[in-house]
Amino acid sequence: MDKTLILIGGGELKTKETLKIDGYIAALAKKRAGDRRAYGLFIPTASHDSMPYFNSFRKTYTSVFDIKADVALSVYGEMDLAKWKEKFAKADFLYIGGGDTLFMLAHWKKTGMLGLIEDAYARGIPICGLSAGAICWFETMYTDSAAADGGTEGAPYAIRSGLNWIKDTISPHYNLRALDFDEIISYNMQDAIGLEDNAAVEYRNGKLVRSLSAGGHAYRLRVEEGRLVKSVIQPELVL
């Protein structure tokens, strides 16, 4: 069974900026559900379990795509591992919201939620994510969420370690961070992905298979003969 990641660089669920990408995700969930009503599980750990954020997810996926929306809360102790397991077992896709990336990863490890996410991935449940939820799977990621590992609020963006499911480096919101991220990539002489708002990349079984565009683009960055070379990731599906 294919292991699928659909990773969105940024954009607002509330104002439906990513709606075309959400439609692609919804279609995958419905295909998996078959005759059942599809079930999407929202994980808002990075936003410290923001309920307005979940409401935006529900308004998009339930109101627009008729998918049952649920949420796995963990930050303030509203739920426990047994409850999470029930919800993960029903999920046709997971959606990992944006926010503080390093806090999210530390909290997942502390609570046991990471194990449930890993199990869902192994079972072929599509995992989707935006911003923090897009970059956390990579070996290294460009993020400003330094507070969780001893930094301070408002710490500068830096290259940080992710979960290492994908052996690559990535920046979300690349349309806003291109100048500084390009400089870091050039200095370190490493390949990377720059993922703009309203753009996504899809991985199947650890391999990049396509980019998705609802207005933004995904870029492959390479340093060749001391010069940064930038190209749009192909094949691109314009939604």
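The values are calculated or read from the model by the stated rules, or taken from the named source; none is laboratory data. Because the structure is a prediction, the values reported are computed rather than measured. Every residue, glycine among them, receives a Cβ derived from its backbone with ideal geometry; neighbour counts consider all protein chains shown. Side chains included, ligands, DNA and RNA excluded: accessible areas come from the protein's heavy atoms. Shrake-Rupley method; radii C 1.70, N 1.55, O 1.52, S 1.80 Å.
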(request) Mind pulling the per residue volume of the convex hull built on the Cα atoms of the chain? Å³ is fine. (result) 117 Å³
(message) What are the ³J(HN,Hα) couplings of region 214-231, residue after residue, when phi is run through the Karplus curve with 6.51, -1.76, 1.60 and θ = phi - 60°? Round to Hz, x for glycine and proline.
(response) 10, x, x, 9, 10, 10, 9, 10, 9, 9, 10, 6, x, 10, 6, 10, 10, 9
(request) Find me the longest stretch of the chain that has none of the exposed GluC sites (Glu not before Pro), where exposed means in a DSSP loop (not H, G, I, E or B) with at most 11 other Cβ atoms within 10 Å. (result) 1-77
(request) Sum up the charges of everything whose Cβ sits under 9 Å from the Cβ of Tyr219, counting Lys and Arg as +1 and Asp and Glu as -1, but leave Tyr219 out. (result) +1
(request) Compute the convex hull volume of the Cα atoms of region 52-171, divide it by the residue count, and report the result per residue in Å³ as a whole number. (result) 117 Å³
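Under a 1.4 Å probe, what is the accessible area of region 7-155 per residue, stated in Å²? Intermediate results must be reported in sequence, preceding the final value.
On the way: 5970 Å² over 149 residues.
That works out to 40 Å² for each residue.
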(request) Taking only the C-alpha atoms, wrap a convex hull around region 1-124 and report its volume per residue in Å³ as a whole number. (result) 100 Å³
(message) Accessible area of region 12-56 with a 1.4 Å probe: how many percent of it is carbon plus sulfur?
(response) 54 percent
(request) Can you pull the one-decimal nm distance between simple spin-label points at Ala27 and Gln234, each 7 Å off the Cα toward Cβ? (result) 2.2 nm
(message) Give me a comma-separated list of calculated 3J(HN,Hα) values for region 194-206, in order, Karplus coefficients 6.51, -1.76, 1.60 applied at θ = phi - 60°, integers in Hz, x for any Gly or Pro.
(response) x, 10, 6, 4, 6, 9, 9, 10, 10, 10, 10, 6, x
(request) State to the nearest 20 debye the size of the charge dipole of the chain about its Cα centre, where the only charges are +1 on K and R beta carbons and -1 on D and E beta carbons. (result) 960 debye
(request) Using the structure shown, list the pairs from Lys3/Lys230; Lys3/Lys207; Lys30/Lys207; Lys110/Lys207; Lys3/Lys31; Lys16/Lys83 with a Cα-Cα distance above 18 Å, or answer none. (result) Lys3/Lys230; Lys30/Lys207; Lys110/Lys207; Lys16/Lys83
(message) Going by amide H atoms built from the backbone, whose H comes under 5 Å of the H on Ile166, apart from near neighbours?
(response) Phe138, Glu139
(request) Could you list which residues have their amide H under 5 Å from that of Thr18, counting only those 5 or more apart in sequence or on another chain, with H placed in the peptide plane? (result) Glu12
(request) In vacuum, with every alpha carbon of region 169-225 counted as one equal point scatterer, what does the Debye formula give for log10 I(q)/I(0) at q = 0.13, 0.23, 0.24, 0.28 Å⁻¹? Two decimals, please. (result) -0.33, -0.89, -0.94, -1.11
(message) Taking every DSSP beta bridge with both residues inside the chain, roughly what % is antiparallel (nearest 5)?
(response) 50 percent
(request) Take the solvent-accessible surface of the protein heavy atoms, probe 1.4 Å, and return the percent of it on region 62-129 that carbon and sulfur atoms account for. (result) 53 percent
